[in-house]
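The values are calculated or read from the model by the stated rules, or taken from the named source; none is laboratory data. These numbers were taken from a predicted model, which means no experiment stands behind them. Backbone-built Cβ (ideal geometry, glycine too); neighbour counts: all protein chains shown.
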Amino acid sequence: MKSIHIGLMRVLTLGSFVVVAAATTAMAQDARIQTTSLDALAVKASQVVDVNLDERLMQFAAKFLDNKDVDEAAVKKMVNGLKGIHVKVLEFDAEGQYSPADVEALRSQVRSAPWSRIVGITSRKETNVEVYLLMKGPEVGGLAVIAFGPKELMVVNIVGPVDLDKLSKLEGSFGIPELEIESEKSKPKNN
């Protein structure tokens, strides 16, 4: 009887480790970027934009888009299937209001697989921009844009399947700033 009890305890312990490992892996692969570390910076900012739309709120907001307007219909179609759109923008009157550690807290969430950095723009005088994709097999399961300059810090996070060719349609909608994303299909061809 004692050996059955010990065997049962081992199975339960192993099962617990498997559940914890699976939950940890699932959380690590979540496309949502946590921005709560930036909340303390809001008191230093001259302007704060904080948009958090979950799937339910996006579907509700999409009801007000006009299907007869080509651009609005495209946005409505793109939003279908997304799990969330999260935007945080902090603008400051003076330089040095946030630290490199604040940026690193964001970067550390997207530095490892399944995230991949696809764009990196570095400037000493202007805004630095980094774009990351979360890949789920051959599909894009999320997008993160981290932009920071001397007087600004911005995070745009789209959670869910992202069609890169249609992404530019979301610029200016749902709190997403104009990122000047241009699809390869929309670029004029030089002959």
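Quick notes
- Selection within the stretch 104-124 - free of Cβ contacts under 8 Å to residues at least 24 places away in the same chain, farther than 17 Å from residue 139 by Cα and among the basic types (Lys, Arg): 111, 124
- If you go through the stretch 162-177 and keep only what is at pLDDT below 65, surrounded by fewer than 21 Cβ atoms within 10 Å (Cβ to Cβ) and among the charged types (D, E, K, R), you end up with just 171.
- Of all residues in the stretch 40-57, those that are farther than 30 Å from residue 161 by Cβ and among the basic types (Lys, Arg) have Cβ atoms under 6 Å from Cβ atoms of residues that are modelled with pLDDT of 90 or more and surrounded by 15 or more Cβ atoms within 10 Å (Cβ to Cβ), 6 or more apart or on another chain, in 44/97.
- Out of 129, 159, one residue alone is among the β-branched types (Val, Ile, Thr) and either modelled with pLDDT of 95 or more or surrounded by 19 or more Cβ atoms within 10 Å (Cβ to Cβ) (or both). It is 159.
- The set of residues from the stretch 74-91 being surrounded by 15 or more Cβ atoms within 10 Å (Cβ to Cβ) and among the small types (Gly, Ala, Ser) comprises 74, 84.
- Identification of helices (runs of 4 or more DSSP H) wholly contained in the stretch 1-116 with 2 or more residues that are more than 16 Å from the chain's Cα centre (by Cα) and either within 30 Å of residue 151 (Cα to Cα) or modelled with pLDDT of 95 or more (or both) yields 100-107.
- Scoring residue 51 on the criteria (1) exposed (fewer than 13 other Cβ atoms within 10 Å of the Cβ); (2) of a type in the set (A, V, I, L, M); (3) within 27 Å of residue 140 (Cα to Cα) leaves a single failure, condition (1).
- Here residue 138 does not qualify as loosely packed, with under 12 Cβ neighbours inside 10 Å and under 18 Å from residue 38 (Cα atoms).
- Residue identified as surrounded by 12 or more Cβ atoms within 10 Å (Cβ to Cβ) and either without any contact (Cβ under 8 Å) to a residue 40 or more places away in the chain or of a type in the set (A, V, I, L, M, F, W, C) (or both) among 94, 62, 101: 62
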